[in-house]
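Below: the structure, in structure tokens.
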Amino acid sequence: MPQLDTSTWFTTIMTMLPTLYLIMQLKLLNTNHYQPPLTKNSNLQFHNTHWQPKWTKTCLPLSQPQQ
Amino acid sequence: MNENLFTSFSAPTILNQPATIPIILFPTLLILTSKHPTNNRLATIQQNLTQFTLKQMMTTHNAKGQTWSLMLMSLITFIAMTNLLGLLPYSFTPTTQLSMNLAMAIPLWAGTVVLGLRFKTKNSLAHLLPQGTPTPLIPMLVVIETISLLIQPMALAVRLTANITAGHLLMHLIGSAMLTLSTTNFSMTLLTSMLLALLTILEIAVALIQAYVFTLLISLYLYNNT
């Protein structure tokens, strides 16, 4: 069986070691997995701003001190 | 005829130089790396496959086991690509070489065992004795469990070698039978060609499955030891 011919074992093993442990791992490290855009919660800025503070006087007449 | 069958498994040489070196290095050329957020289809397919496999394999491990994820991902990628490329006609499959499989299996298995012995000594030694064994049987069972532990790397290497070699041999045999049948009895050729087609599909499955099994077992040993 030619697989048991140990003269080639050294070459095969010494080639496999850097291939598997160095080059493959470097290749996998250099693939960047980007998140698809717009996954963040984009309505963080949304407030219930029906009225600004400076309009409170006209919009909420009851909030003024009673005269 | 024995000599002819097995010559496809001997290490190839070009002009007496070992051709195994570029053949083993070749699958790394097929993995695309790019820095763009959006890539072409091939790169996106590869990235999605990598992420999918990563999730499947590494979610069952704890944090310590997940430090091995790069190693296991490169292992399964390497074995799967090598096996699949070996299905092309006249190609050489490095995973049929016992040397390479032994050199892959022994260090990885030894790594998981050393990890378990170093960080969880009592726990990993306790694996040597199953629960609930009657007291007189304990010495014998420890010996049996030790032997089954020591045979794990050999089983890993020989399993991969034998499966891929046997598949390739079978395809060679049926192909040469088809060739000789084509001149004598043509209807048998069609039957045999269907058999060959089915075998090829099986071999594709075997190529992928063997990669998976190898990696899965190593991750199992890792799980037991972290």
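The values are calculated or read from the model by the stated rules, or taken from the named source; none is laboratory data. The shown structure was predicted, so the numbers you read here are calculated from the model rather than taken from an experiment. Ideal geometry is used to build each Cβ from the backbone, glycine not excepted, and the neighbour counts take in all protein chains shown. What goes into the accessible areas is simple: the full protein's heavy atoms, side chains included, and nothing from ligands, DNA or RNA. Shrake-Rupley method; radii C 1.70, N 1.55, O 1.52, S 1.80 Å.
From the list B:I45, B:I23, pick out the single residue that is over 16 Å from A:L29 (Cβ atoms), at pLDDT 85 or above, crowded, with 18+ Cβ neighbours inside 10 Å and aliphatic (A, V, I, L, M).
B:I23
Could you pull out every one of the helices (runs of 4 or more DSSP H) wholly within region B:90-167 that has 2 or more residues that are at pLDDT 85 or above, out of contact with any Phe, Trp or Tyr (no Cβ under 7 Å at 6 or more places or on another chain) and surrounded by fewer than 12 Cβ atoms within 10 Å (Cβ to Cβ)?
Ranges flagged: B:138-150.
Matching residues to (1) in contact with an Asp or Glu (Cβ under 7 Å, 6 or more places away or on another chain); (2) more than 9 Å from chain A (Cβ to nearest Cβ); (3) free of Cβ contacts under 8 Å to residues at least 12 places away in the same chain; (4) over 22 Å from B:G86 (Cα atoms):
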| position | (1), (2), (3), (4) |
| --- | --- |
| B:L5 | no, yes, no, no |
| B:I24 | no, no, no, no |
| B:R41 | no, yes, yes, yes |
| B:M58 | no, yes, no, yes |
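So B:T50 fits all but one of (1) within 8 Å of another protein chain (Cβ to nearest Cβ); (2) touching a residue at least 40 places away in the same chain (Cβ under 8 Å); what number is the exception?
It is condition (2) that B:T50 fails.
Taking only region B:59-77 into account, find how many residues are closer than 17 Å to B:W109 by Cα, part of a helix (DSSP H, G or I) and not charged (D, E, K, R).
Result for region B:59-77: 10.
What pairs come out if I take residues in region B:116-128 that are under 20 Å from B:L141 (Cα atoms) and pair them with residues that are surrounded by fewer than 13 Cβ atoms within 10 Å (Cβ to Cβ) whose C-beta lies under 7 Å away, six or more apart or interchain?
B:L128/B:T146
If you check B:A11 against the conditions, is it in contact with a strand residue (DSSP E or B) (Cβ under 9 Å, 6 or more places away or on another chain) and either of a type outside the set (S, T, N, Q) or not in a helix (DSSP H, G or I) (or both)?
When the stated conditions are applied, B:A11 passes them.
Does B:I209 count as at negative phi and open to solvent by 70 Å² or more (accessible area, probe 1.4 Å)?
yes
For region A:8-34, which positions are in contact with a strand residue (DSSP E or B) (Cβ under 9 Å, 6 or more places away or on another chain) and either in contact (Cβ under 8 Å) with a residue 24 or more places away in the chain or open to solvent by less than 20 Å² (accessible area, probe 1.4 Å) (or both)?
A:T12, A:T15, listed by residue number.
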